[in-house]
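Worksheet for the structure shown next.
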Amino acid sequence: MKKPTSTAAVAGRYVRALATATIGLCALCVSASSMAALRAQLDRQTVEEGDTLNLIIESDRGQSAERPDVTPLRKDFDVIGTSTSSETSIVNGSRSERTRWQVQLQPRHTGVIDIPPISVGSEHTGALTLNVTAVSPQAAKQAASHVFLEVEAAGAGKSIYVQQQIPYTVRLYYDDSVQAGDLAAPAPADAVVEQLGDETRYTATRHGREYNVIERRYAIAPERSGALRIPAPSFRGSMLVEPERQENAAPPDDLMSRMLRGTPFANDPFFKNSLGAGMAFGADARPVTVRGQEIAFNVQPRPATAQGNWLPAEQIALHDSWETNPPQFRVGEPVTRTITIDAKGLAAAQIPPLSLAQPGNARVYPEAPDNHSRTDGKTIYGISKQSVTYIPTAQGTLDIPPVELAWWNTRSNAQTRAVLAARQFNVAPGAAPAQANATPPAPAGAPAAAAATPVAAGHAATLRERLWNARWWLAAGGALLALAMLSVVAIRRRRRPNVKPAAPVMLPVAVPRYKDAMRALQQACAGNDRHAAARALLDLARAKWPADPPRGLGALAARLEAGGEEVSALDRSLYGADGSRWDGAALWEAIRRGLQPKRSETLREDDGLGALYL
């Protein structure tokens with residue numbers, strides 16, 4: 001027989017159960033609230049290859065400087081752009097805020113793609129799944145008849161050397177149904193891409209049809225040995241597509257058909273097809289994406305037999321200004337020499353300054369090189385003009401040593417040298433300096449030095465005597481002149497209006513090109529030239545922040561998200577007293593992808609591409 005339970009015991013159990021349920025409910029609410037603080041969703045769960053979609057991330061917190069980290073998305077998507085919006089609402093006195101980020105994505109491949117959690121500050125979204133299906137054969141065939149890409153790369157599939165220039169050409173063919181879109185530039189990893197000149201536009205016939213063509217040429221230089229994959233270029237845009245209609249359906253009633261109805265031109269194909277193209281009201285604007293061909297190279301490292309600076313080129317030639325205009329040397333008079341380096345298949349920024357030997361009886365003053373690149377539409381040409389001034393210090397024979405530049409011939413696959421032969425000149429005596437005070441001729445029959453001395457002494461004595469006698473008059477005249485000048489200054493100050501000083505005129509400062517500065521930095525790091533690396537870093541910073549460049553390497557290091565320690569190490573090496581050898585490999589490894597400012601200085605992400613107006 002069970003012992004009867006007291007009323008107090010039953011009440012206690014109910015209280016404990018109610019407390020446990022309350023605590024559990026509160027914990028669940030807190031957990032749900034924290035999970036609901038950051039949410040993510042896709043506007044579509046299934047898309048076709050080439051289509052774009054939006055990843056929407058929402059936060060219940062107010063707007064802040066934090067932004068979604070889209071780095072995990074770049075593995076499977078092209079991040080086209082990111083936009084931000086925020087809203088605040090007050091209901092029954094309760095204030096709520098919401099921030100929304102919309103990230104536009106384009107899948108890079110078909111299949112099921114797992115979208116990992118995206119972080120915004122210390123919070124994370126949940127994982128998502130997207131299904132990317134292949135484009136239907138009918139839609140692919142329809143798009144290919146209106147727009148397609150051709151890719152051409154010299155030496156595709158062959159071996160090349162690191163830093164060797166690869167000519168790369170992209171051609172976009174499109175007809176009148178294609179609207180404005182974006183033609184993406186090639187973006188291979190571990191390579192420098194430089195567009196050669198402006199794009200060209202023309203018309204061409206393919207498969208019996210006429211297309212408009214946009215052609216762009218690039219020079220691609222790999223930075224590392226190994227496999228180089230140049231991703232397929234892509235075009236994203238929209239085109240007008242006629243809606244499908246049944247076999248016996250009436251033709252579309254477009255604007256041109258109504259204008260020509262009842263006229264002799266109603267059935268004229270010129271008016272119907274040419275003038276009426278794109279004017280049908282029933283035409284739909286549909287997104288279209290086409291891709292070109294992916295190209296791969298095998299990049300060989302610098303050969304062990306290569307000497308001097310690493311300069312892989314098709315051809316390098318040296319030209320001397322003295323060849324056509326030999327100079328005349330005199331002691332103490334400067335003579336300028338200009339040496340021009342012409343390189344085919346090599347950018348000008350890769351050409352190093354020449355190392356010139358100094359003759360024994362002349363001083364040598366080299367100037368900074370004048371570098372620029374040009375293109376003929378097929379390859380890149382680097383031109384470097386380097387001037388040097390010679391000042392002979394003694395008459396006689398002046399022997400100018402030869403000038404040599406080692407480079408690697410990519411055609412013959414061998415070490416080659418460009419040479420300017422040694423030269424020899426005769427140095428004449430310098431012109432005698434003119435005497436400031438000519439000595440009057442001595443009387444006939446008298447020694448020159450003895451005759452000049454008493455005459456000069458007599459003139460000096462007479463001048464001193466006259467000045468001493470007129471000293472009081474000279475003092476009075478000086479005092480009167482000083483009083484007159486003070487009176488003029490006082491009158492002008494009294495008459496001058498109160499005008500604020502004009503602001504100083506700021507002259508424009510030439511901003512270096514970002515790509516040229518990157519190449520110069522790469523060259524300096526490869527040669528372990530700390531001073532050239534410091535100059536290239538500051539030029540790079542001026543190109544990155546033209547309105548507010550850092551004043552030195554220390555200020556630059558403070559701005560960088562990555563590479564600040566290496567820049568500070570270079571700064572210490574420049575001003576250190578140990579004189580140890582500096583190794584530029586670590587600096588180039590940290591900066592080779594460009595200057596990355598700290599998050600506080602990056603207010604927005606520029607992932608989009610400039611519009612291509614067709």
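A few comments on the model shown:
- Modelled spin-label separation between Asn528 and Asp43, with each label point placed 7 Å from Cα along the Cα-to-Cβ direction: 5.6 nm.
- The phi torsions of the stretch 530-547, fed into the Karplus equation with coefficients 6.51, -1.76 and 1.60 and a -60° offset, translate into couplings of 5, 5, 5, 5, 5, 4, 5, 5, 5, 5, 5, 5, 5, 6, 6, 10, x, 7 Hz, rounded to whole numbers, with Gly and Pro shown as x.
- Distance from the Cα centroid of the stretch 297-344 to that of the stretch 153-169 is 24 Å (rounded to whole angstrom).
- With a Förster radius of 56 Å applied to the C-beta separation of Val213 and Ala422, the computed FRET efficiency comes to 0.60.
- Arg95 accessible area, 1.4 Å probe, all protein chains in place, Å² to nearest 10: 150
- Separation of the Val388 and Gln102 label points, Cα + 7 Å toward Cβ, nm: 6.3
- At full extension, His319 and Ile491 could sit 55.4 nm farther apart than now, given 0.36 nm per residue minus the alpha carbon distance.
- All-pairs alpha carbon distance profile, the stretch 357-405, 10 Å steps from 0, percent: 21, 36, 23, 14, 6, 1
- Here r is the Cβ-Cβ distance between Gln415 and Lys141 and R0 is 35 Å; the resulting FRET efficiency, rounded to 0.05, is 0.10.
- Amide H contacts of Tyr161 (H built 1.01 Å from N, under 5 Å, at least 5 apart or other chain): Gln300
- Solvent exposure ordering (accessible area, 1.4 Å, most first) of Ser373, Ser177: Ser373, Ser177
- The distance separating the Cα centre of the stretch 523-587 from that of the stretch 40-96 comes to 38 Å.
- Per-residue surface analysis assigns Asp190 an accessible area of about 40 Å², computed on protein heavy atoms at 1.4 Å probe radius.
- Calculated FRET efficiency for the pair Ser86/Glu152, C-beta based, R₀ 51 Å, to 0.05: 0.60
- Rg/Rh (Cα only; Kirkwood hydrodynamic radius) as it applies to the stretch 34-180: 1.11
- Taking label points 7 Å from Cα along the Cα-to-Cβ direction, Ala204 and Ala476 give a separation of 9.8 nm.
- For Ser573, the accessible surface of its heavy atoms amounts to roughly 20 Å² (probe 1.4 Å, protein chains only, rounded to the nearest 10).
- Length added when fully stretched, Ala189-Ser225, from 0.36 nm per residue minus Cα-Cα: 11.8 nm
- Residues His124, His207, His319 ordered from highest to lowest accessible area at a 1.4 Å probe: His207, His124, His319.
The values are calculated or read from the model by the stated rules, or taken from the named source; none is laboratory data. These numbers come from a predicted model, not from an experiment. Neighbour counts run over all protein chains shown; Cβ positions are idealised from the backbone, glycine included. Side chains are part of the model used for accessible areas, which takes the heavy atoms of the whole protein and leaves out ligands, DNA and RNA. Shrake-Rupley method; radii C 1.70, N 1.55, O 1.52, S 1.80 Å.
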